[in-house]
Amino acid sequence: MGSSDEVRVRRVYEPKEAGDGTRVLVDRLWPRGESKERAAIDRWLKDITPSDELRAWYHEDRTAIRYDEFVDRYRAELADPVHTAAVRELVELVREGGPVTLVTAVKDVPHSHVPVIVDHLEHELRRR
């Protein structure tokens, strides 16, 4: 599962691969049952995750229509100062020599916050 040569996505339960580069956990909570050694996480950016309120709202009703609104609301959150600092850190990691692998424990990656992060990060990389 991946998105580009510079930014990749992998579930934390998948084994680390040689081409992963810097592995960044993009979940607010540590993955249940996963040891720090096995997860092989280089950075943990809790501040890039959706707010607790947005996450709770989305998990109340995980439908396609609700996901579209979740994406819009999360994109707005990514523009706030806390999220902007975390995005800037990811941009710098990629620029320092990437690749960067975004690591998550979510089961349904395509309908989670992770594709929004990837899209936002790739937009920022093209913009700067």
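The values are calculated or read from the model by the stated rules, or taken from the named source; none is laboratory data. None of these values were measured; they are calculated from a predicted model. All Cβ positions, even for glycine, are placed from backbone atoms using ideal geometry, and neighbour counts span all protein chains on display. We work out accessible area using only protein heavy atoms, side chains counted, and drop any ligands, DNA or RNA first. Shrake-Rupley method; radii C 1.70, N 1.55, O 1.52, S 1.80 Å.
Could you tell me the accessible area of Leu29 in Å² (1.4 Å probe, neighbours in place), rounded to the nearest ten?
Here the accessible area works out near 130 Å².
With a 1.4 Å probe and every protein chain left in place, work out the accessible area per residue of region 24-88 in Å², rounded to a whole number. Display every interim value, and only then the final one.
Values: 3970 Å² over 65 residues.
I get 61 Å² per residue for this part.
Show which lysines lie in cross-link reach of Lys36 when reach means a straight Cα distance below 18 angstrom and same-chain residues fewer than eight apart are skipped.
Excluding near neighbours in sequence, the set is Lys16, Lys46.
Gaussian network model of the chain, Cα springs within a sub-10 Å range: biggest mean-square fluctuation belongs to which of Lys36, Lys16, Lys46?
Of Lys36, Lys16, Lys46, the most mobile in the Gaussian network model is Lys36.
Once the chain is represented by equal point scatterers at the alpha-carbon sites, with solvent omitted, what log10 I(q)/I(0) does the Debye formula produce at q = 0.10, 0.15, 0.16 Å⁻¹?
-0.29, -0.67, -0.76
Only bridges with both residues in the chain count here: give the DSSP antiparallel percent, nearest 5. Numbers along the way, then the final one.
On the way: 1 of 12 bridges.
Looking only at bridges with both residues in the chain, the antiparallel portion is about 10 percent.
Filter the GluC sites (Glu not before Pro) in region 66-107 to those in DSSP coil with at most 16 other Cβ atoms within 10 Å of their Cβ, and list the result. Display every interim value, and only then the final one.
Values: sites: Glu69, Glu77, Glu89, Glu92, Glu96; in loops: Glu96.
Here the GluC sites (Glu not before Pro) that fit, given the DSSP loop and packing criteria, are Glu96.
Just from its helices, what would the mean residue ellipticity at 222 nm be for the chain, if runs of 4 or more DSSP H residues each count -39500 (n - 2.57) and the sum is divided by every residue, rounded to the nearest 500 deg cm²/dmol?
Working: 5 runs with 56 residues, N = 128.
Calculated mean residue ellipticity at 222 nm is -13500 deg cm²/dmol.
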